[in-house]
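Notes to accompany the following structure.
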């Protein structure tokens with residue numbers, strides 16, 4: 001039985017690519033479906049070039065191909081397609097992952113706590129679930145307990161929860177203000193313009209494999225992926241614990 005309903009989320013959408021991500025697709029299936037009994041949907045751009053062009057013309061500024069390369073552009077587009085699908089499905093809450101997601105703890109249990117607190121919030125929000133920027137709420141703020149903390153920016157767009165009103169607000173805003181930024185910075189602009197509100201979950205539930213070295217090509221001692229893991233782990237410990245204590 002899927003745990004989505006038990007947690008209180010209607011859908012999990014995974015920002016994916018049509019080709020070249022077979023290893024990550026296998027990892028997603030093991031992590032989400034096999035280990036945690038979570039249902040999810042892979043969302044990609046179209047294999048029809050003309051359809052992709054129509055979407056890009058609809059949602060992005062005319063000069064977008066001079067601002068973003070194909071990878072960031074199509075990644076941002078697929079996030080928008082997730083919002084379209086969310087509105088179409090009338091999801092109250094959805095979780096959006098990029099395809100390099102790694103769980104830091106018991107995700108279903110922790111996510112249920114996020115949803116319980118989210119039910120008390122005013123509608124129209126995004127909740128950052130990840131630690132990609134290695135930014136965390138001030139230690140003094142977290143002493144009150146709870147798991148959600150107001151923020152003025154996101155922490156990248158690799159893992160977040162979004163509610164129905166926020167998805168609608170974003171799509172409506174796109175009709176007036178075309179996107180000219182990669183998704184991470186675009187989210188920050190949406191928060192700045194009060195299109196959506198932002199919260200951080202703490203402790204974070206998610207880490208991006210492309211940040212922590214999980215999706216490096218090898219585990220050998222000579223591989224840069226292992227060095228990236230060691231560096232990431234050291235930075236995370238310092239910024240999550242020592243730096244926040246020093247700033248208390």
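Just wondering, is there one or more residues in the stretch 208-223 that are assigned to a strand (DSSP E or B), more than 30 Å from residue 176 (Cα to Cα), within 23 Å of the chain's Cα centre (by Cα) and at pLDDT 85 or above?
Within the stretch 208-223, one or more residues are assigned to a strand (DSSP E or B), more than 30 Å from residue 176 (Cα to Cα), within 23 Å of the chain's Cα centre (by Cα) and at pLDDT 85 or above.
Which residue out of 190, 243 is outside any loop (DSSP other than H, G, I, E, B) and either over 26 Å from residue 71 (Cα atoms) or under 13 Å from the mean Cα position of the chain (by Cα) (or both)?
Working: 190 fails: either over 26 Å from residue 71 (Cα atoms) or under 13 Å from the mean Cα position of the chain (by Cα) (or both).
After ruling out the rest, the residue left standing is 243.
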Helices (runs of 4 or more DSSP H) wholly in the stretch 45-148 with at least 1 residues that are under 27 Å from residue 241 (Cα atoms) - which ones? 107-118, 139-142
Among the residues in the stretch 138-146, are any buried (at least 24 other Cβ atoms within 10 Å of the Cβ), farther than 16 Å from residue 8 by Cα and either in contact with a strand residue (DSSP E or B) (Cβ under 7 Å, 6 or more places away or on another chain) or in contact (Cβ under 8 Å) with a residue 40 or more places away in the chain (or both)? no
Could you list all residues from the stretch 150-166 that are crowded, with 24+ Cβ neighbours inside 10 Å and in a helix (DSSP H, G or I)? 166
Output the residue which, of all residues in the stretch 116-137 that are touching a helix residue (DSSP H, G or I) at 6+ places or on another chain (Cβ under 7 Å) and over 28 Å from residue 5 (Cα atoms), is surrounded by the most Cβ atoms within 10 Å (Cβ to Cβ). 136
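The values are calculated or read from the model by the stated rules, or taken from the named source; none is laboratory data. These numbers were taken from a predicted model, which means no experiment stands behind them. Reconstructed Cβ throughout: ideal geometry from the backbone, glycine too, with neighbour counts over all protein chains shown.
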